[in-house]
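The values are calculated or read from the model by the stated rules, or taken from the named source; none is laboratory data. Treat the numbers as computed from the prediction; the structure is a model and nothing was measured. Positions of Cβ are generated from backbone atoms using ideal geometry, with glycine treated the same way; all protein chains shown enter the neighbour counts. Accessible surface areas use protein heavy atoms only, side chains included; no ligands, DNA or RNA. Shrake-Rupley method; radii C 1.70, N 1.55, O 1.52, S 1.80 Å.
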Amino acid sequence: INGGLYKRKADEKPVLVITVKSINDVIKEIKKNGGKMLSEITKVADMGLYAHFQDTEGNTLGVWEPLRKH
C-alpha cells in the first residue's frame with residue numbers, strides 16, 4: 001500500500017495487508033476464528049483504517065479499509 005522503503009532489520013518480516021470493506025466486521029471474524037489482534041485500529045490520515053493481527057498459525061497479517069474511493 002504505497003509504503004515507504006527502508007532497510008529491513010534482522011528480526012522484521014514482510015506483512016501482507018488485505019483490503020477489506022469493513023475492518024470492524026473482519027476483526028470480529030478474526031477473533032471468532034482464533035486469531036489474535038496485535039494492534040488497535042489506526043486511522044492513517046484520510047486514506048484508511050489499518051490493524052494487524054496474528055492468525056492461528058502464527059503469521060502476522062494486516063487489514064486495511066480504504067476511506068476514500070479511487
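Of the listed values (i) 12.8, 36; (ii) 25.4, 78; (iii) 18.5, 55, grab the one calculated as Rg and Dmax of the Cα atoms in Å from the structure here.
Step by step, Rg and Dmax of the Cα atoms in Å for this structure corresponds to label (i).
Pick out, in residue order, every one of the trypsin sites (Lys or Arg not before Pro) in the chain that is DSSP loop and has at most 12 other C-beta atoms within 10 Å; say none if there are none.
LYS7, ARG8, LYS9, LYS21, ARG68, LYS69
Provide the per residue accessible area, probe 1.4 Å, for the chain, rounded to a whole number of square angstrom.
Result: 83 Å² of accessible area for each residue.
Check the straight Cα-Cα distances from LYS32 and name the lysines below 21 Å, setting aside those fewer than 8 residues away within the same chain.
LYS21
Run through the range 6-70 and list the GluC sites (Glu not before Pro) located in a DSSP loop whose Cβ has at most 16 other Cβ atoms within 10 Å.
GLU12, GLU40, GLU57
Provide the percentage of antiparallel DSSP beta bridges, counting only those with both residues in the chain; round to the nearest 5. Kindly include the intermediate steps, with their values, before the conclusion.
Details: 12 of 16 bridges.
Looking only at bridges with both residues in the chain, the antiparallel portion is about 75 percent.
Please give the calculated 222 nm ellipticity per residue for the chain, where each DSSP H segment of at least 4 residues contributes -39500 (n - 2.57) and the sum is spread over every residue; nearest 500 deg cm²/dmol? Could you put the intermediate results ahead of the total?
Details: 1 runs with 10 residues, N = 70.
Value at 222 nm, helices only, nearest 500: -4000 deg cm²/dmol.
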